[in-house]
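A short write-up of the structure that comes next.
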Amino acid sequence: MKKILSFVSARTTLIFTWIFAVMAPWLFYVCRLGHVYIDIVLFDGFCTTVFFIMAISAVFVSILAFIRIRSNKYKDTNELPKWLNVCNAVFFVLTFLFTVVWIASLSVMGKESSPVAFRTLLPTLFTGFAIIVGAFFALFFPAIKPRKIRAGIAAVVIVALFFGIIGSLYPLSVYKIISHPMVIDTGKDYSVVFATNTSGTGYISYEYEGKSYLVYDETDGRKVNSRIHSVSVPYEHLDGNVYSVGSTRVIDELSYGGTNGRTVESKEYAFRSDKTTGAEKKYLCVSDWHTHNDLAKKTAFLHSGYDGIILLGDALPGLQFEEEAAEYIVSFGGELSGGTLPVYYVRGNHETRGSYATSLSERLGLDGFYYVTETDEYRFVILDSAEDKADDHPEYGGMTDYSAHRAEMVEWLEGLAPSEKPTVVFSHDPKICLEEDLQKRAFEKIESLNAVLMVSGHTHTSELRKEGELDVLIDGGHDKGKFVATLLTFGADGIEVLSWDEEGNVTVSHTFLYAE
Ligand SMILES: [Fe+2]
């Protein structure tokens, strides 16, 4: 027992206990994306309470360490009062438990969301480091012996602070476009979307009928400074044409003046239209890739010769940051289409979560997530099923009103006129609406539109279903390290459906004939 008490009260132990004690509330706060799940299982406010206990504990550990290290009265390890040894032991155990708790709260977030914790940590890294180092110097530094260790610590801290300050003022990374563009068919034009590794302005350049076009991503005349760049282009300008995109880094955007960095340009892309009448058209459907870009691409590229790409949503767990949308939606769509094919984007329920969710449609150049678009031969009805739980669910943090959004969408759907062209409906959630009355109205209307098929995702299964008279294909997506993608081939008589997994095994094969 005596040995344990002298260990927890040793100066070195106390300094390490203090470092872990002050880091615990910081890192627990950074991992707060998983707190809602812990609170749902235990009780609302549990994690906030733990956070405050961690913060109070950090203050007490600081006081105890200061008393032990800086006071002349408690210099001799063998002469420490019992209360001080017991307090040190209690806070040593508590700090160990808190460290386990914040690591556990990281694991609750899962592999897909853990990078979000790192991204949340990044902007606080320099300030957090500076606060801990500052507190360390104020509280304990003069008591560190021998002098050589003190000089070493001071040198390391000065170098780290120097590079930290330089790095926070001037970008150290090389500016680049991170993938091929994703050309979204918005129902009224094309939106050419691409992403860069940090913020800048974006443009597209091409020639059409002998005239050169350089069109910027702008709002009311001012260029947009972001990682995701989108420019609207009329269908006829891009169909069968060649284009390239470019971007200029913005280092400083100010009310007066500012600083630009390097300008980068892409190669030329030869864009192929799917609009014109001709031979059969092939569309690749990919859903629920949940950050597994590489596995989804590997599966998709087991087949080739696509005329268009249909992204059925659930690219990632949630949209907290712009770079998540850049990597898992824009880059992914760009890699699948190679910048040369039209992409149709259907929003998944996981793209409705997080602070960046409200910016997504605008950055993708879409007026909204439900719309109709047509080729010369087919009609696509793209629906937005939004979330799969009621708006008051704790996961949404009081930020959603999707019930009203779905009601508006069903009203819009009911206003659609039937078409001579075979119609295919796309909806991330095969239920379309959470509300039973809206669901009933949506399916009744779809039946009256003579839809050949509805294609969905969300359940991470590969199967054919019936919803009343309507045939529904569930595309597949990611499931425990496996993946299923689908090819829709629009032929003269019907739509051939072929789904396959990452090893090429066929999971669904069926042909749906057009109505007479
Ligand atoms: Fe989903």
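The values are calculated or read from the model by the stated rules, or taken from the named source; none is laboratory data. Since the structure is predicted, the reported quantities are computational estimates derived from the model, not experimental observations. Methodologically, a virtual Cβ is constructed for each residue, glycine included, from the backbone with ideal geometry; neighbour enumeration extends over all protein chains shown. Side chains included, ligands, DNA and RNA excluded: accessible areas come from the protein's heavy atoms. Shrake-Rupley method; radii C 1.70, N 1.55, O 1.52, S 1.80 Å.
Here are some notes:
- Segments classed as strands (runs of 3 or more DSSP E), wholly inside region 360-426, with at least 1 members that are modelled with pLDDT of 95 or more and open to solvent by 30 Å² or more (accessible area, probe 1.4 Å): 371-374
- Flag for G368 being touching a residue at least 24 places away in the same chain (Cβ under 8 Å), within 20 Å of V233 (Cβ to Cβ) and more than 16 Å from the ligand (Cβ to nearest atom): no
- Of all residues in region 441-461 being part of a helix (DSSP H, G or I) and of a type outside the set (K, R), the one that is nearest to the ligand (Cβ to nearest atom): A442
- Leading residue by the ranking (surrounded by the most Cβ atoms within 10 Å (Cβ to Cβ)) among those in region 287-310 that are within 27 Å of G34 (Cα to Cα) and within 16 Å of the ligand (Cβ to nearest atom): S287
- Output for region 336-359, where each listed residue is in a helix (DSSP H, G or I) and within 16 Å of the ligand (Cβ to nearest atom): N349, H350, E351, T352, A357
- Qualifying position, being outside the structural domain of L453 (by TED's automatic domain parsing), surrounded by 23 or more Cβ atoms within 10 Å (Cβ to Cβ), touching a residue at least 60 places away in the same chain (Cβ under 8 Å) and among the hydroxyl-bearing types (S, T, Y), among S247, S266: S247
- Flag if E280 is away from the ligand (no atom under 16 Å from the Cβ) and open to solvent by 40 Å² or more (accessible area, probe 1.4 Å): yes
- Enumerated helices (runs of 4 or more DSSP H) restricted to region 28-142, each holding at least 3 residues that are exposed (fewer than 12 other Cβ atoms within 10 Å of the Cβ) and in contact with a strand residue (DSSP E or B) (Cβ under 6 Å, 6 or more places away or on another chain): none
- Per-region count, region 453-483, residues hydrophobic (A, V, I, L, M, F, W, C) and open to solvent by 20 Å² or more (accessible area, probe 1.4 Å): 1
- Residues that are of a type in the set (S, T, Y) and either over 14 Å from A143 (Cα atoms) or at pLDDT below 75 (or both) within region 56-80 comprise S57, S62, Y74, T77, listed in sequence order.
- Odd one out for A390 among (1) touching a Ser or Thr at 6+ places or on another chain (Cβ under 7 Å); (2) closer than 26 Å to E408 by Cβ: (1)
- Number of residues in region 425-435 that are touching a strand residue (DSSP E or B) at 6+ places or on another chain (Cβ under 7 Å) and within 16 Å of the ligand (Cβ to nearest atom): the value is 5.
- Filter result (more than 19 Å from Y235 (Cβ to Cβ) and not polar (S, T, N, Q)) within region 177-193: I177, I178, H180
- For region 249-266, the condition holds for no residue, the condition being that it is away from the ligand (no atom under 16 Å from the Cβ), among the aliphatic types (A, V, I, L, M), touching a Phe, Trp or Tyr at 6+ places or on another chain (Cβ under 9 Å) and within 21 Å of H460 (Cβ to Cβ).
- Residue check, T373 within 16 Å of the ligand (Cβ to nearest atom), within 22 Å of A442 (Cβ to Cβ) and β-branched (V, I, T): no
- Candidates L416, L470, L498, L438, filtered to the one that is farther than 30 Å from T291 by Cβ, more than 16 Å from the ligand (Cβ to nearest atom) and under 31 Å from the mean Cα position of the chain (by Cα): L438
- Here the condition is being farther than 27 Å from T276 by Cα and of a type in the set (A, V, I, L, M, F, W, C); of A407, A485, A451, it holds for A407 alone.
- Test for Y328: is it touching a residue at least 24 places away in the same chain (Cβ under 8 Å), open to solvent by 10 Å² or more (accessible area, probe 1.4 Å) and within 14 Å of the chain's Cα centre (by Cα): yes
- Residue match in region 470-479 (condition: at positive phi, in a strand (DSSP E or B) and at pLDDT 95 or above): yes
- Those residues of region 490-513 which are small (G, A, S), part of a strand (DSSP E or B) and at pLDDT 95 or above, in sequence order: S499, S509
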